[in-house]
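What follows is a short report on a single structure.
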Amino acid sequence: QRQSSFSDWEIVKDDSADSSSEPQEQQPATKKRKGPTSSSSSSAMGKARTAGLLKIDDFAIALRPMVTLYVIFDAISSTYVPSMTDEMIEEGSQVLVKQMEDCQKAKGIHELLRKAGVTMDNDRIIEELQKGMVSA
């Protein structure tokens, strides 16, 4: 049976799990997930967004490899299954190579996000990236 695409997985967010060291489980969904909605925030991050100081373009260099890795995971999770024949693996590899070439040809981060099928709001992407930068 064909696996669902990585981007089709439903992300289950449990605020109480933030303090846990265990990873969150993701269940396959039957429909495409919708990108998270931005919530208004009184934090400095929210104020910077409303002032227009931070843009997704400012993070393009950091985001490009992450988005490309997302594309790789998406292609692998939607194509590869344990019972594949050599021919099926070859076809899947060609799909992966084509998607990687498309990522490399993207002229900017907006085009790359569109080609990757990332539906998350740009402000939310910036917020999550900065959370990761602070915790690292």
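Is there a residue being out of contact with any Ser or Thr (no Cβ under 8 Å at 6 or more places or on another chain), among the charged types (D, E, K, R) and modelled with pLDDT under 90 anywhere in region 113-126?
no
Inside region 97-120, can you point out the residues that are open to solvent by less than 60 Å² (accessible area, probe 1.4 Å) and charged (D, E, K, R)?
Matches in region 97-120: Asp102, Glu111.
Can you pull out every residue in region 70-96 that is among the aliphatic types (A, V, I, L, M), in a helix (DSSP H, G or I) and open to solvent by less than 80 Å² (accessible area, probe 1.4 Å)?
Val71, Ile72, Ala75, Ile76, Ile89, Val95, Leu96
The values are calculated or read from the model by the stated rules, or taken from the named source; none is laboratory data. Just so it is clear, the model here is predicted, and its values are computed rather than measured. Don't worry about glycine lacking a Cβ; one is built from the backbone with ideal geometry, like all the others, and counts go over all protein chains shown. The accessibility values were calculated without ligands, DNA or RNA, using every heavy atom of the protein model including side chains. Shrake-Rupley method; radii C 1.70, N 1.55, O 1.52, S 1.80 Å.
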